[in-house]
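First up is the structure itself, then whatever we jot down about it.
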Amino acid sequence: MLRALSLIAAGLMVSSTLAQPFDTATLKHSDALRQHAEQSDAAWQVLESLTTEVGPRLAGTEADARAVAWAKARFEAMGFDAVRLEPVTVPHWERGFADAKVTLPFPQPLVITALGNSVATPEGGIEAGIVRFATLADLQAADPAQVKGKLVFIDHKMERYKDGRGYGPVVKARGIGAVEAAKKGAVGLLLRSVSTSSHRFAHTGVMRYVDDVARIPAAAISPPDADQLTRMLARQDDIQVKLELEAMDKGKSTSYNVIGEIRGASKPEEIVLIGAHLDSWDEGTGALDDGAGVAIVTAAAEHIMALKQRPERTIRVVLYAAEEIGLIGAKAYRDAHQDKLDQHYIAAEADFGAGPIYRLDSRVNETARPAMEALVEQLAPLGVSLGHNQSWGGPDVSVLPPLGVPVAGLNMDGTDYFDYHHTPDDTLDKVKPESLKQSTTVYTLFAWLMANANSELRPIPPTGN
Ligand SMILES: [Zn+2]
């Protein structure tokens with residue numbers, strides 16, 4: 001009885017200290033980390049190494065395997081308490097040769113690229129008239145007689161916004177445009193690149209097929225080439241285009257989620273997850289997408305390990321496999337850790353270029369919002385404000401909130417992101433070192449403060465999103 005009472009008393013004392021989300025020592029270390037991170041070029045070193053030594057790293061390819069080996073070696077050299085590879089079965093698709101040209105009445109080449117997962121054209125290519133739709137919805141509403149035997153051209157322009165919200169309404173046509181076109185008898189899809197740029201690069205990205213609908217080849221054309229086709233169609237209806245794609249389905253391959261952990265001192269079973277995806281498209285060197293994210297979360301862990309003090313919770317860095325071709329690594333992680341998801345304190349992913357980060361959104365139980373406010377107070381000197389509480393956390397971690405895992409979205413300025421996204425132009429020179437450093441500093445403080453927060457983050461009810 002006495003023992004029970006003293007336990008209750010001890011509990012009360014503990015709960016009175018819970019009033020403060022962060023104790024003094026945690027904040028002192030946070031200041032030291034900020035100073036350290038702001039003077040470090042660790043993230044740049046990681047990014048320069050990955051983009052130079054590995055380069056493009058499409059899931060399932062030999063380059064992807066080299067990226068995994070690179071990440072494992074890097075993590076081991078950094079001195080994580082644990083480094084693990086978790087296998088992920090991924091599709092292995094290769095782009096091959098891609099070519100398109102207007103054959104009649106104004107013969108000239110077009111700049112195109114295959115959409116990821118597309119089938120090849122038949123031997124010798126396809127030559128057909130084109131039919132233009134301003135949006136996917138217009139195609140869906142069209143009379144099949146208009147589409148049958150044609151190459152469907154969807155010409156939906158993407159709007160530029162800091163938060164990238166122009167992407168969602170347009171990218172749907174990339175995902176299901178070929179299926180919708182094929183349902184009406186089209187022979188192929190030409191998609192205006194999902195892009196905010198006016199440069200002559202075609203932007204790739206994943207598309208998908210469904211059972212029972214013919215698999216037609218699908219390619220993106222550069223924005224200026226889309227404008228060119230539109231001008232031709234203004235002159236006459238019958239514009240013939242020849243399309244040749246060599247795209248290859250090479251079956252399945254094994255890739256890996258690469259995981260590094262800093263073990264927590266007092267709550268090692270509780271996980272603060274910071275992630276990014278290791279794979280990239282094959283055309284650029286994946287500097288912005290998502291080498292920058294890899295560099296940010298890797299360097300954040302490196303900064304925390306340089307501190308003599310251990311975090312209370314475990315900090316887990318996850319470099320996801322095969323994000324680009326359908327969140328394959330994300331789903332594998334979710335399934336492999338299914339029975340431990342309730343031990344994930346919070347998760348966040350950097351996958352929107354190099355930054356800077358200007359706002360933190362969250363998805364936590366309402367009673368934990370004061371902890372988010374206290375967190376953002378520490379990030380405010382870096383220019384970060386608090387946003388809403390409906391965050392999705394980033395593409396790979398977005399599969400976790402439906403299972404109750406709290407997430408944070410550390411929003412990066414993406415004003416220029418879709419100028420380079422999924423093109424040969426996504427290269428190291430597009431990354432601004434100062435932005436990368438700011439984002440890394442924010443992730444460092446986020447991971448440290450969340451790993452040491454006194455607040456309870458409780459699983460939030462599934463919303464089915
Ligand atoms: Zn990405």
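Can you work out which of the residues in the stretch 376-402 that are within 16 Å of the ligand (Cβ to nearest atom) and not in a loop (DSSP other than H, G, I, E, B) is nearest to residue 29 (Cα to Cα)?
Only one residue fits best here, namely 397.
Is it the case that the stretch 246-258 has a residue that's more than 16 Å from the ligand (Cβ to nearest atom), assigned to a strand (DSSP E or B) and polar (S, T, N, Q)?
Among the residues of the stretch 246-258, at least one is more than 16 Å from the ligand (Cβ to nearest atom), assigned to a strand (DSSP E or B) and polar (S, T, N, Q), which makes the answer yes.
Given (1) surrounded by fewer than 24 Cβ atoms within 10 Å (Cβ to Cβ); (2) part of a loop (DSSP other than H, G, I, E, B); (3) touching a strand residue (DSSP E or B) at 6+ places or on another chain (Cβ under 7 Å), identify the lone condition not met by residue 121.
(1)
Condition first: aliphatic (A, V, I, L, M) and under 24 Å from the mean Cα position of the chain (by Cα). Can you find one or more residues in the stretch 305-312 that meet it?
no
Can residue 315 be described as under 19 Å from residue 442 (Cα atoms), in contact with a His (Cβ under 6 Å, 6 or more places away or on another chain), away from the ligand (no atom under 16 Å from the Cβ) and part of a strand (DSSP E or B)?
In short, no.
Looking at the stretch 364-375 only, could you name the residues that are under 25 Å from the mean Cα position of the chain (by Cα) and either over 23 Å from residue 30 (Cβ atoms) or of a type in the set (Val, Ile, Thr) (or both)?
So the first thing to find is which residues in the stretch 364-375 are under 25 Å from the mean Cα position of the chain (by Cα), and the list is 364-365, 372, 375.
The answer is 364, 365.
Filter the stretch 318-338 down to the residues that are hydrophobic (A, V, I, L, M, F, W, C) and either within 13 Å of the ligand (Cβ to nearest atom) or under 13 Å from the mean Cα position of the chain (by Cα) (or both) and list them by number.
318, 319, 321, 322, 325, 327, 328, 330
From the list 396, 419, 425, 413, which one is charged (D, E, K, R) and buried (at least 24 other Cβ atoms within 10 Å of the Cβ)? Break it down into steps so the answer makes sense when it comes.
Values: 419 fails: buried (at least 24 other Cβ atoms within 10 Å of the Cβ); 425 fails: buried (at least 24 other Cβ atoms within 10 Å of the Cβ); 413 fails: buried (at least 24 other Cβ atoms within 10 Å of the Cβ).
That would be 396, the only listed residue that is charged (D, E, K, R) and buried (at least 24 other Cβ atoms within 10 Å of the Cβ).
Any idea which of (1) part of a helix (DSSP H, G or I); (2) acidic (Asp, Glu); (3) touching a residue at least 12 places away in the same chain (Cβ under 8 Å) is the one residue 227 doesn't satisfy?
(3)
If you scan the stretch 267-306, which residues turn out to be part of a strand (DSSP E or B) and either over 24 Å from residue 39 (Cβ atoms) or away from the ligand (no atom under 13 Å from the Cβ) (or both)? Break it down stepwise before answering.
Initially, the stretch 267-306 is screened for residues part of a strand (DSSP E or B), giving 267-277.
Passing the criteria: 267, 268, 269, 270, 271, 272, 273, 274, 275, 277.
Are there any helices (runs of 4 or more DSSP H) wholly within the stretch 6-96 with 2 or more residues that are basic (Lys, Arg) and modelled with pLDDT of 95 or more, and if so which?
Helices (runs of 4 or more DSSP H) meeting the threshold: 24-38, 62-78.
I need every pair where a residue in the stretch 424-451 that is farther than 30 Å from residue 114 by Cβ has its Cβ under 8 Å from the Cβ of a residue that is of a type in the set (S, T, N, Q) and in a helix (DSSP H, G or I), sequence separation at least 6 or different chains.
Partner pairs satisfying both residue conditions: 445/30; 445/378; 448/26; 448/30; 449/26; 449/30; 449/378.
The values are calculated or read from the model by the stated rules, or taken from the named source; none is laboratory data. Keep in mind the model is a prediction, meaning the values are calculated, not measured. All Cβ positions, glycine included, derive from the backbone under ideal geometry; neighbour counts span all protein chains shown.
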